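For reference, the structure is listed below as structure tokens.
Nothing in this text is a laboratory measurement; each read-out follows from the coordinates by a stated rule. Fair warning: this is a prediction, and the values are worked out from it, not measured in the lab. No Cβ is skipped: glycine too gets one built from the backbone with ideal geometry, and neighbour counts run over all protein chains shown.
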Amino acid sequence: MTRQQLAEQIFTKQSYLCVGLDTDIKKIPKHLLSEPDPVFAFNKAIIDATKDLCVAYKINTAFYEALGLKGWEAMEKTVRYIGDEHFKIADAKRGDIGNTSSQYAKAFFETLPFDSITVAPYMGEDSVKPFLQYEGKWAIVLGLTSNKGAEDFELQVMEDELLYEMVLKKVSEWGTDENLMFVVGATQADEFANIRKIVPSHFYLVPGVGAQGGSLKEISEKAMIADCGILVNASRAIIYASEKEDFAEEARAIAQQYQWEMKEYLSK
């Protein structure tokens, strides 16, 4: 999916919501466990209930890989079921020496039809570049994350700047705002103005809204640009809105609340 296509989806749907399909088989409603593929059955219901309210889905691959072959099959069925109208993110946080990253890129961009993959940049340029060789595909590079451990490296001062600032500057030289995005955690809202100065035109994938406490209003005010430039991810707050048979309806209700609020910010 190109940037223009993504922006068109955002303004057509009046939404920049990304629904995180971080599906834990231990947390899905019990009545689905009798299904031949419980994880896919859950995901399909969530997708059907939210597809008109969001522009992207993020699949955290760890929840699927942990289930072995059945999990991988559920992931493949899910990403194919999503289709081409939505921006599909493999939240895999890959990044290795060049020939290995090339295989990861092939796995997620050729064997599986993802539009993007999250990438850890700390092994340098040759670990990221293979993901940037596919037209219409994106590398979403970890910039400043929401977790407490961000203080261990990302927020450390290196000479006269923070490490994450160095990462943003360097990585932005490897691609363009047409194939590179950055992960910026919602709980780091105070840093958004500074990040926009460093990478002013790139899209950001923003996790941490909802269960982790990030403010959609604050993010939107500080990070939005002309073609929106942000995808705000909500996972647990939406997909686990109910543990009962009405889980899909409740998921839709929460997604609708996000979409209503996003519509307000997009109209300003």
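This model, with +1 at the C-beta of Lys and Arg and -1 at the C-beta of Asp and Glu, gives the chain a dipole about its Cα centre of some 420 debye. Looking at the chain alone, DSSP beta bridges between its own residues are antiparallel in about 10 percent of cases. Set the Cα radius of gyration of region 165-228 against 2.2 N^0.38 Å, with N its number of residues, and you get 1.08.
Each principal axis of the Cα cloud of region 220-268 was taken in turn, and the coordinate range along them, longest first, works out to 40, 16, 14 Å. Counting only alpha carbon atoms, the long axis of helix 38-50 and the longest principal axis of the chain meet at about 80°.
Look at the alpha carbon pairs under 8 Å that are at least 6 residues apart: their mean separation over the length of the chain gives a relative contact order of 22 percent. With respect to the cross-link table entries Lys13/Lys170; Lys27/Lys106; Lys58/Lys106; Lys44/Lys129; Lys169/Lys222, which display a Cα-Cα separation exceeding 26 Å? Listed pairs above 26 Å: Lys13/Lys170; Lys27/Lys106; Lys44/Lys129. Shape verdict for region 1-124, please, from the Cα gyration tensor: rounded (a/c under 1.5), prolate (a/b greater than b/c) or oblate. Taking the square roots of the gyration eigenvalues as a ≥ b ≥ c, region 1-124 is oblate.
Reducing region 74-125 and region 1-19 to their Cα centroids gives an inter-centroid distance of 19 Å.
Note on Leu67 and Thr176: the model spin-label points, each 7 Å out from Cα along the C-beta direction, lie 3.9 nm apart. For the chain, the longest principal axis of the alpha carbon atoms and the long axis of helix 69-82 meet at an angle near 80°.
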